[in-house]
Every structure is written in structure tokens, then in C-alpha cells.
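S.K.: One structure is given below, represented as C-alpha cells, and several questions about it will come after.
The values are calculated or read from the model by the stated rules, or taken from the named source; none is laboratory data. Just so it is clear, the structure is predicted and the values come from calculations on it, not from any experiment. Glycine also receives a Cβ, built like all others from the backbone with ideal geometry; neighbour counts cover every protein chain displayed. Side chains are part of the model used for accessible areas, which takes the heavy atoms of the whole protein and leaves out ligands, DNA and RNA. Shrake-Rupley method; radii C 1.70, N 1.55, O 1.52, S 1.80 Å.
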Amino acid sequence: DGRLTFYPGNQTVDLPFINFMKRYGTVFLNAYTNSPICCPSRAAMWSGLFTHLTESWNNFKGLDPDYVTWMDLMEKHGYRTQKYGKLDYTSGHHSVSNRVEAWTRDVDFLLRQEGRPMVNLTGDRMHVRVMEADWQNTDKAVTWLKKEAINLTQPFVLYLGLNLPHPYPSPYAGENFGSSTFLTSPYWLEKVTYEAIKIPRWSSFSEMHPVDYYSSYTKNCTGEFTKQEVRNIRAFYYAMCAETDAMLGEIISTLGDTGLLKETIIIFTADHGELAMEHRQFYKMSMYEGSSHVPLLVMGPGVKQQQQIPNVVSLVDIYPTMLDVAGIPVPQNLSGYSLTPLLHGKAENEASPRGPRPSWVLSEYHGCNVNSSMYMLRTGKWKYITYSDGRSVLPQLFDLTADPDELTNVAIKFPVIVHSLDKILRSIVNYPNVSSSVQEYNKRQFIGWKQSLGQNYSNVIANLRWHQDWLKEPKKYENAIDKWL
């Protein structure tokens, strides 16, 4: 959650290396994902293109494996490149259940697709390496810096992709379990200031936006939660962020030890945030700040120190920025704009050859746990969210200055603003058309999958992640799918 990198969010947990990057570099106060879920977000970050252009509709459908990313271009131009850890931009290798949930989101049924969010404390005060796989990848990156990077005569670019602070798989939920367990050790939990944790206010179910209700239900968050449960989920999430920060610290310390720190640009960001029980949800897949607002910090040669940038930016800006840093000509067809002028503390009018950076960012989402395509335009103090064809579901408008917790939808109160923001949005993306092509894609994919199963179809679909609900009335749900098809 990008809000943890600046005040007041950063009061909840100690993130020493994020703070180090703030002191010696630049923090973006309003950085957003272009799609709040792993694979589509990473597809945007590696391609510099919006989601409706990459057509990365869900966690299984990303870029073609041979797509030319910014790292490929840097390699072509003489950079030594190295990747470790989670990439997830061609496909997230997510379960069959994930895909079927995404394809069937237009079906008229409500089924829980997740385990109930919960916490799990492991180990003792000495237990530092909770997320072992991430630590192993961090170790590999450290070794590469010490053994390889230090001896290079050419410039290098190193990518380290961590899974944390993502919730962990929950085996208790059955064989197709989701990831609903917030897991940490006492070592990390001690870095969290419990008193500073804000308990989010929840709207009553009757006041909830219909798409929010669907998300809350499918994420198994509509049951009763005590304040203590909510506070713990948030605390454990912050503790997982502290562990992530320590991995960043390993990289920064190694660059310091090898003498590479003063000549290396470091970028820290994330593919999406975590709602951690805001708006009665956990996970991502939402345009609310907890899910869509990402961290973005940059430090290194030429980057202005102790700079906080209020401009709205997004992950598609990484591609042109990387090429800019490397002195490689930036293609004209990108959705993003280089951040270099901002990082150097220059005024916006000294912008790229493409003209000034727009005053808005776009995010869109087409995957599971949400029963409609959604589009978010963020500009000035406004966040405008519209759904599907723009008519069948009510839009949302939030004034983030007056209502940072996004509790009051003021779309009906400000029709002129809604109209003007919708006009801007339609000039960027013909969203009713995109929504309908996603619906057609979902149907095609589902039909292909159903045919591939033959006689096994009824058994397989009943035993996906929604099995606890489905098996109560399997015929009813199969009929709902037939009606949809």
C-alpha cells in the first residue's frame, strides 16, 4: 500500500529502508497501478501500455512471452541484465479456479471464492526469514551484485521481484484454497505500532455499492469480524511490509558495501496494494486507495533528494523512464511518460518530446472477485470510477481531499464533474466497447474449458474454490451458467 511510504500511513510501522530512500531520493505521493492485480499490472509495467492495449484481462492472460520489454531493449543497448523472483507478466500461473472465477463473473450467482481472512503467528522473536522464497531470491540478487555487477565494464540492470507483502495460501480452506492468511513472526510484529492502526469504518450492506458487495461476498468478508480481528489483520499486514523493507535493505546495504550505491539508480514499487479490511475487503481488485495506490520511490545519481512529488503517475511510466535513464530513444506509442524531468526536480513544462505529462492516470480491472469491468480516472482531488458500459451500474466519484477514506460517493451531487471526467475517460479508452469485448472473451474461454472437460465438467466445476457454497445447490449454479451462456 503506497500510503505507507509517507505521512500519516508511515506512523504504523517502522520501514527504515523506505525512509532511507525518502531521505536520499524522491517519493511519489500519488502513484497508481494500471490494474490492481498481479499479472495485468505487471504487463502494464513491463510494456508501458494500458491494460486495454495489452488485453491482459485476468491473472492468467498477460503479455506474449516474446514481447519486447524495457529490459530487453536495455539489453540490446549494451546493458547486462539480471532478473530474480516473481515476474508474472506473461501469465500468473494461477489456478484453474482463478480463471473460471474471472470468466464467470457475469453469471447471476454469489459464491464465496476465498477463505475467510485470518492471521497466523509463526516462530519466535528470533525468526526473521518468514517468507523463505523471497529471502532466497534476495540472497541471489546480493550474490550477483557482489560477484558479477562489481566486475562489469558495462552498465547493469537488476530486477528483484518479491511476493511479500502478499497474504499466504490458506490450506485450511480446502484443496483449491485462496491466499487469505496474513502470516508473520513476533520479530516483525514488534515493528508495528498497534495504537496507530486505524480501524476502517464500514458502510452497512444496504449502503454498499453493488460491485463492492459482490467483492466483499466473494472474498468471504461479509461475516462478523471483531475490532480485534480487523486490527490484527492490519497489524500482520504491516509486519509483512516490514519484512519486505528488510529485503530492500539487503540490496541497498550491498550496493553500499560494493561502492556501487552512488552510481546506481534504485526504484522501489509494487504491482498493487492491499485493502487489509478497508471497505470490508482484503486483497486487491479494487480502485480504492488501499488496493490501487502503490509505493514509488527513486534514489540515485541525478535524482533530487528529500523530494515529495504530488503529481499523479502510474506504472506505465516505468518503461519510458528506464529507457530515458539509459539514453535509449523512447517509442512514441507508449501509454506512459518518463519520470526523469520530475526526478530531476524540473518543472513540468520541460517535459518530454511527446509534450507535457497528462494531469490524470488510468487504472482498469477485468478479473475475478468483481462482477463488472471497472475504470478509474484519477486527477486533481477527484477519483472517478465507472463500470461496465457506464449505464447499467452507478458510477462513483470521491473527493480525496475532503474524503480520503472514500466513504461518500458524490457522483449524484456533482453531475457536471462526472460528465467532464467521463468525457476525458472516453477520449482515452472506449470503455463500453472494452467491457463488451472482455465479456465475449470470458464466454469464449469458458466454453472452450467446458468442452475440454467433457463428462467431467459437473464434478470439476463443483470442486473449485467455491466448493463450500456450490455443493449446497449444484444444479442451481449450473443452470445459472447455462442461462448466461
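S.K.: Can you send over the carbon and sulfur percentage of the accessible area for the chain, probe radius 1.4 Å, protein chains only? Can you show the working numbers first?
M.R.: Values: 10470 of 20270 Å².
Summing carbon and sulfur atoms, their accessible area is 52 percent of the total for the chain.
S.K.: Next question, about the same structure. On the first, second and third principal axes, largest extent first, how far apart are the outermost C-alpha atoms of region 16-352 in Å?
M.R.: In descending order, the Cα extents are 58, 47, 38 Å.
S.K.: Further question: What percent do you get for the relative contact order of the chain when only Cα pairs under 8 Å and 6+ apart count?
M.R.: Numbers: 923 pairs, mean separation 116.3, N = 485.
Value for the chain: 24 percent.
S.K.: List the lysines whose Cα sits under 21 Å from the Cα of LYS381, skipping any in the same chain fewer than 8 residues away.
M.R.: Filter leaves LYS413, LYS423.
S.K.: To the nearest Å, what is the center-to-center distance of region 8-55 and region 382-434, using C-alpha atoms only?
M.R.: Between the Cα centre of region 8-55 and that of region 382-434, the gap is 23 Å.
S.K.: Using DSSP to call loops (not H, G, I, E or B), can you name the GluC sites (Glu not before Pro) in region 216-302 whose Cβ has at most 15 other Cβ atoms within 10 angstrom? Each step should come with its number before you reach the end.
M.R.: Working: sites: GLU224, GLU229, GLU243, GLU250, GLU263, GLU274, GLU278, GLU289; in loops: GLU224, GLU274.
The qualifying sites are GLU224.
S.K.: Still on this structure, I have one more. Could you tell me the center-to-center distance, by alpha carbons, between region 124-156 and region 438-484 in angstrom?
M.R.: Using only Cα atoms, the two centres lie 43 Å from each other.
S.K.: For LYS61, give me every one of the aspartates and glutamates with a C-alpha distance below 20 angstrom, ignoring sequence neighbours fewer than eight places off in its own chain.
M.R.: Straight-line reach from LYS61, under 20 Å: ASP88, GLU101, ASP106, ASP271, GLU364, GLU440.
S.K.: If Lys and Arg each add +1 and Asp and Glu each add -1, what is the summed charge of the other residues whose beta carbon sits under 10 Å from the beta carbon of LYS191? Each step should come with its number before you reach the end.
M.R.: Values: positive: none; negative: ASP14, GLU190, GLU243, ASP245.
Residues close to LYS191 contribute a combined charge of -4.
S.K.: Next up: What's the extension gain from SER427 to ASN176 if we count 0.36 nm per residue and subtract their Cα-Cα distance? It would help to have the intermediate numbers written out before the result.
M.R.: Numbers: separation 251, 0.36 × 251 = 90.36 nm, distance 4.10 nm.
The SER427-ASN176 span can extend by a further 86.3 nm.
S.K.: Does region 158-216 come out rounded, prolate or oblate, given a ≥ b ≥ c as the square roots of the eigenvalues of its C-alpha gyration tensor, rounded meaning a/c under 1.5 and, failing that, prolate meaning a/b above b/c?
M.R.: On the way: a/c = 1.88, a/b = 1.28, b/c = 1.47.
Oblate, because a/c is 1.5 or more while a/b does not exceed b/c.
S.K.: While we're looking at this one, here's another question. Taking only protein heavy atoms into account and a 1.4 Å probe, give the accessible area per residue of the chain in Å². Numbers along the way, then the final one.
M.R.: Details: 20270 Å² over 485 residues.
Ligands and nucleic acids excluded, the figure is 42 Å² per residue.
S.K.: Counting pairs of alpha carbon atoms under 8 Å apart in space and at least six apart in sequence, what relative contact order in percent does region 155-233 give?
M.R.: Details: 31 pairs, mean separation 16.2, N = 79.
Relative contact order of region 155-233: 21 percent.
S.K.: Any number yet on Rg/Rh for region 1-149, C-alpha, Kirkwood? Present the calculation step by step, with values, prior to reporting the outcome.
M.R.: On the way: Rg = 19.1 Å, Rh = 19.0 Å.
Rg/Rh: 1.00.
S.K.: In region 345-430, which GluC sites (Glu not before Pro) are in a loop and have at most 13 other Cβ atoms within 10 Å, using DSSP for the loop call? Show your work: numbers first, answer last.
M.R.: Details: sites: GLU348, GLU350, GLU364, GLU406; in loops: GLU348, GLU350, GLU406.
Passing sites in region 345-430 are GLU348, GLU350.
S.K.: Here's something else I'd like to know. Region 342-477: Rg/Rh from Cα coordinates, Kirkwood Rh?
M.R.: Working: Rg = 20.8 Å, Rh = 18.4 Å.
Taking Rg over the Kirkwood Rh, I get 1.13.
S.K.: Shifting gears a bit: Count neighbours as other Cβ atoms within 10 Å of each site's Cβ, and list the trypsin sites (Lys or Arg not before Pro) in region 54-141 that are DSSP loop with at most 11 such neighbours. Numbers along the way, then the final one.
M.R.: Details: sites: LYS61, LYS76, ARG80, LYS83, LYS86, ARG99, ARG105, ARG112, ARG125, ARG129, LYS140; in loops: LYS86, ARG105, ARG112, ARG125, ARG129.
Loop-located and lightly packed - ARG125.
S.K.: Of LYS83/LYS146; LYS227/LYS284; LYS284/LYS383, which ones are farther than 19 Å apart at the Cα?
M.R.: Details: LYS83/LYS146 15 Å; LYS227/LYS284 21 Å; LYS284/LYS383 17 Å.
Over 19 Å apart, Cα to Cα: LYS227/LYS284.
S.K.: Follow-up. If r is the Cβ-Cβ distance from ASP482 to LYS381 and R0 is 51 Å, what FRET efficiency results, to the nearest 0.05? Write out the running numbers ahead of the final one.
M.R.: Values: r = 46 Å, r/R0 = 0.91.
Computed FRET efficiency for ASP482 and LYS381: 0.65.
S.K.: Per residue of region 304-314, what does 6.51 cos²θ - 1.76 cosθ + 1.60 with θ = phi - 60° give for ³J(HN,Hα)? Whole Hz please, x for Gly and Pro, Karplus curve as stated.
M.R.: 4, 8, 6, 9, 10, 9, x, 3, 6, 9, 8
S.K.: Here's something else I'd like to know. Going Cα to Cα from LYS476, which lysines come in below 24 Å? Please leave out same-chain ones fewer than 8 positions away.
M.R.: Straight-line reach from LYS476, under 24 Å: LYS219, LYS443, LYS450.
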